[in-house]
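Chemist: One structure coming up, written as structure tokens, with questions to follow.
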Amino acid sequence: MISHVLPTYNRAPLAFERGEGSWAIATDGTRYLDLGAGIAVNVLGHANPDLVAALTEQAGRIWHVSNLYQIPEQEKLADLLVKKTFADTVFFTNSGTEAAELAIKMVRKFWDHQGDPERIEILTFDGAFHGRSTGAIAAAGSDKMVKGFGPLMPGFRQLPWGDIEALKAVITDRTAAVLLEPIQGEGGIRPLDDAELREIRALCDKTGTLLVLDEVQCGMGRTGRLFAHEYAGIAPDIMMVAKGIGGGFPLGAVLATEQAAAGMVAGTHGSTYGGNPLACAVGARVMEIVADDTFLAEVNRKAALFRQKLEGLIAAHPNLFESVRGQGLMLGLKCKSAPADLVRAGYAQHILTVPAADDTLRLLPPLNISDEEIAEAVARLDKAAESLDA
């Protein structure tokens, strides 16, 4: 018989009842060091007191009114995002998938608004993950994502990851947009070089093409900058944000320049829950903490410490690991085989990690993980690796 919860996930045999910072506590009381953070979501750890206070205060005031009315908490968070980014305007969603759908709609509506509705082709890259809606899977285009779901939304062309020459060969003044992740998450923690990202921006400028960045996983301080594209010194026209922006509360957003958003007038998009007072109250507190320069400097310092210790782990287990890659606290251990066994071995050592494509183990801890917890994490990964070596 089918389970009461639709069986679309291969779930681990673990259930958690509470959390404390970098630790998740299972229903049997076992404490697990959490290097997944809900897949880069819990940027300030579990049960962060600042976020609990923000949510509790808002919960005692008002939860939901819908976007029929002005929402002060939404306006506060939008102001914070505009102040700290390239954007002129923000639309709030509940998830990264919803942000991807709006980003695609915004591109198409932009060109329709410009009087060129046939300019719809969006260039994307293999290994990408933009969510699981019909538009998002069409953008990614991988067999795993699209098989069995019938005709796909037209207007997407996938290119080899990081192949600038392939992009040069196809981008024209008829291309609607280029859509990419500065660092692929599900694709295996694969960063795009800063020089390549600058070249893509230049190609978009030359052809009048919109640049859309998906920073759902690599944004919100994860890389040591508020957003990963800042390292390249460029700005997108449209950007998708989610995961870390709510610190664990469901929240996403699309950020855009005034020009890119010109076609999105009243009635062109909407959301019942998007930007609700609860989510935005939490999101504003996350922004106040994570966007601080001192906080981001600490992320970078901890990332250097973590990376140094991981290099030692790789040297100790050359049969299992090839390299460490990524930026900030968005790190990947490139393995010599699929990392599923290592993830399971980690459960025995009471540590949580996240597998990804390209034989990569993702390490996405809370951004406020302590030095001592970093050392403990590597020690537990070492024991998990020893069990596989044996």
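Chemist: Only one residue in GLY96, GLY115 is among the small types (Gly, Ala, Ser), under 25 Å from THR209 (Cα atoms) and touching a residue at least 12 places away in the same chain (Cβ under 8 Å). Which one?
Modeler: GLY96
Chemist: Continuing with the same structure: Take the conditions basic (Lys, Arg), out of contact with any Ser or Thr (no Cβ under 6 Å at 6 or more places or on another chain) and either within 17 Å of ALA384 (Cα to Cα) or not assigned by TED's automatic domain parsing to the domain that holds ILE183 (or both) and apply them to LYS309. Does it pass? Walk me through how you get there before you give the answer.
Modeler: Values: basic (Lys, Arg): yes; out of contact with any Ser or Thr (no Cβ under 6 Å at 6 or more places or on another chain): yes; either within 17 Å of ALA384 (Cα to Cα) or not assigned by TED's automatic domain parsing to the domain that holds ILE183 (or both): yes.
So LYS309 passes the test.
Chemist: Moving on to the next point. Just to be sure before I move on: is THR134 free of Cβ contacts under 8 Å to residues at least 12 places away in the same chain, surrounded by fewer than 21 Cβ atoms within 10 Å (Cβ to Cβ), of a type in the set (S, T, N, Q) and more than 21 Å from LEU255 (Cβ to Cβ) in the structure I sent?
Modeler: It is false that THR134 is free of Cβ contacts under 8 Å to residues at least 12 places away in the same chain, surrounded by fewer than 21 Cβ atoms within 10 Å (Cβ to Cβ), of a type in the set (S, T, N, Q) and more than 21 Å from LEU255 (Cβ to Cβ).
Chemist: Filter the stretch 177-193 down to the residues that are of a type in the set (A, V, I, L, M) and assigned to a loop (DSSP other than H, G, I, E, B), then identify the one that is nearest to ARG307 (Cα to Cα).
Modeler: ILE189
Chemist: When both residues are 6+ apart or on different chains and their Cβ atoms are under 8 Å apart, which pairs have a first residue that lies in the stretch 263-283 and is of a type in the set (Ser, Thr, Tyr), and a second that is surrounded by fewer than 16 Cβ atoms within 10 Å (Cβ to Cβ)?
Modeler: That search, which allows pairs on different chains as well, returns THR272/SER66; TYR273/HIS64.
Chemist: In the stretch 26-39, how many are in contact (Cβ under 8 Å) with a residue 60 or more places away in the chain and either assigned to a helix (DSSP H, G or I) or touching a strand residue (DSSP E or B) at 6+ places or on another chain (Cβ under 6 Å) (or both)? Walk me through it before giving the result.
Modeler: Our first condition is that a residue be in contact (Cβ under 8 Å) with a residue 60 or more places away in the chain; within the stretch 26-39, this holds for 30-39.
Then keep just the ones that are either assigned to a helix (DSSP H, G or I) or touching a strand residue (DSSP E or B) at 6+ places or on another chain (Cβ under 6 Å) (or both); that gives 31-39.
So the count comes out to 9.
Chemist: I would also like to ask the following. Within the stretch 40-131, considering only helices (runs of 4 or more DSSP H) that don't extend past its boundaries, which have at least 2 residues that are within 20 Å of the chain's Cα centre (by Cα) and among the hydrophobic types (A, V, I, L, M, F, W, C)?
Modeler: On the way: elements: 49-59, 72-84, 96-113.
Filter on the stretch 40-131 gives 72-84, 96-113.
Chemist: Hey, another quick one. Would the stretch 323-340 turn up any residue that is touching a residue at least 40 places away in the same chain (Cβ under 8 Å), farther than 18 Å from GLN184 by Cα and more than 23 Å from the chain's Cα centre (by Cα)?
Modeler: Checked the stretch 323-340: no residue is touching a residue at least 40 places away in the same chain (Cβ under 8 Å), farther than 18 Å from GLN184 by Cα and more than 23 Å from the chain's Cα centre (by Cα).
Chemist: When you look at ILE189, is it within 23 Å of the chain's Cα centre (by Cα), on the phi > 0 side of the Ramachandran plot and touching a residue at least 60 places away in the same chain (Cβ under 8 Å), yes or no?
Modeler: yes
Chemist: With in contact with a strand residue (DSSP E or B) (Cβ under 6 Å, 6 or more places away or on another chain) and in a loop (DSSP other than H, G, I, E, B) as the only criterion, which of ALA260, ALA338, ALA266 stands out?
Modeler: Being in contact with a strand residue (DSSP E or B) (Cβ under 6 Å, 6 or more places away or on another chain) and in a loop (DSSP other than H, G, I, E, B) holds for just one of ALA260, ALA338, ALA266, which is ALA260.
Chemist: Further question on the same structure: Kindly provide the set of residues from the stretch 143-162 that are assigned to a strand (DSSP E or B) and either touching a Cys at 6+ places or on another chain (Cβ under 7 Å) or under 19 Å from MET106 (Cα atoms) (or both), ordered by number. Explain how you work it out, then say what you get.
Modeler: Pass one, the stretch 143-162, residues assigned to a strand (DSSP E or B): 156-159.
Of everything in the stretch 143-162, those that are assigned to a strand (DSSP E or B) and either touching a Cys at 6+ places or on another chain (Cβ under 7 Å) or under 19 Å from MET106 (Cα atoms) (or both) turn out to be PHE156, ARG157.
The values are calculated or read from the model by the stated rules, or taken from the named source; none is laboratory data. None of the values given here were measured: they were computed from a predicted structure. Cβ atoms come from the backbone with ideal geometry, glycine included; neighbour counts cover every protein chain shown.
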